[in-house]
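The values are calculated or read from the model by the stated rules, or taken from the named source; none is laboratory data. Owing to the predicted nature of the structure, the values given are computational and were not obtained by experimental measurement. Ideal geometry is used to build each Cβ from the backbone, glycine not excepted, and the neighbour counts take in all protein chains shown.
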Amino acid sequence: MDVRDAILNRWSAKKYDRNRPLSPDVVRLLLDSARRAPSSYNDQPWHLILGLNFDETHSRILETLSQYNRGWAKDAPMLAILVARVKYTFEDRINPAHQLDCGTFWGFLNVQASGMGIMCRGMGGFSPSLAREIFEIPEGYEPLMAFACGYPLEDPNQKPRRKIEEFVFAGRFGNPIVWEEE
Ligand SMILES: Cc1cc2nc3c(=O)[nH]c(=O)nc-3n(C[C@H](O)[C@H](O)[C@H](O)COP(=O)(O)O)c2cc1C
């Protein structure tokens, strides 16, 4: 599928087919595309705790979710917690882009998934401290978000987006860009 179509078709599904597991090959493909994301100094600060097809890790990730998110995410065959390494690997200083880089990684994963008919939904509604405890995430690593992926069992629900001119400025912040005629 064309990248543009994969982007246009993507949405954050909330109803997943628990009878359609994600094969390890498919998940490895998603992760292979995600790891090609750009990152500060190519330091690739992303890490995942991955629960697949209702295994033990899947049920332990469910425990970390808010009650609301647990209600729908339980049927998604893939659940993950995205964890950032906060400092660079090559220097003892904070990587100011650790969250940004992990977000890009997650964005790449979403687009690859969408191109294969698989949808994902991010979850800020989880307990980072419980995730740290359950999965023994060490100091210096930050659980950023949980997310679910799987084949959707609902019609696409495309949400509205802000107009380009509302967030692209020229001259000074807040001054909407004016496109020159070709
Ligand atoms: C960082 C982040 C946290 C989110 N947290 C939740 C959440 O806790 N529960 C939920 O149902 N959706 C959550 N979402 C999904 C967003 O609500 C969704 O992406 C947004 O409404 C845009 O819709 P779309 O992804 O379908 O275009 C989250 C998304 C992101 C990126």
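Right, Ala80: outside any loop (DSSP other than H, G, I, E, B), within 29 Å of Asp17 (Cα to Cα) and at pLDDT 95 or above or not? Answer is yes for this residue.
Just one of the listed residues (Arg10, Arg70) is surrounded by 13 or more Cβ atoms within 10 Å (Cβ to Cβ), within 19 Å of Phe126 (Cβ to Cβ) and not aliphatic (A, V, I, L, M), namely Arg70. Checking each residue in region 1-12 for being within 15 Å of the ligand (Cβ to nearest atom), in contact with a helix residue (DSSP H, G or I) (Cβ under 8 Å, 6 or more places away or on another chain) and either among the β-branched types (Val, Ile, Thr) or without any contact (Cβ under 8 Å) to a residue 40 or more places away in the chain (or both) picks out only Ile7.
Scanning region 13-46 for residues that are more than 16 Å from the ligand (Cβ to nearest atom), in a loop (DSSP other than H, G, I, E, B) and over 17 Å from Pro96 (Cβ atoms) yields Asp17, Arg18, Asn19, Arg20, Pro21, Leu22, Ser23, Arg35, Arg36.
Run down Arg93, Arg85 and say which single residue is touching a residue at least 24 places away in the same chain (Cβ under 8 Å) and charged (D, E, K, R). Steps first, answer last, please.
Numbers: Arg93 fails: touching a residue at least 24 places away in the same chain (Cβ under 8 Å).
Answer to the check: Arg85.
In the set Asp55, Asp75, which member is buried (at least 16 other Cβ atoms within 10 Å of the Cβ) and under 23 Å from Asn19 (Cα atoms)? Step by step, each of Asp55, Asp75 is checked, and only Asp75 is buried (at least 16 other Cβ atoms within 10 Å of the Cβ) and under 23 Å from Asn19 (Cα atoms). Inside region 94-144, residues that are closer than 24 Å to Arg4 by Cβ, more than 13 Å from the chain's Cα centre (by Cα) and either within 13 Å of the ligand (Cβ to nearest atom) or part of a helix (DSSP H, G or I) (or both) make up a count of 1. Against the conditions (1) more than 13 Å from the ligand (Cβ to nearest atom); (2) crowded, with 17+ Cβ neighbours inside 10 Å; (3) of a type in the set (A, V, I, L, M), Leu50 satisfies every one except (2). Taking residues in region 158-171 that are closer than 27 Å to Arg121 by Cβ, and partners anywhere that are within 16 Å of the ligand (Cβ to nearest atom), the pairs with Cβ atoms closer than 7 Å and at least 6 places apart or on different chains are Gln158/Trp11.
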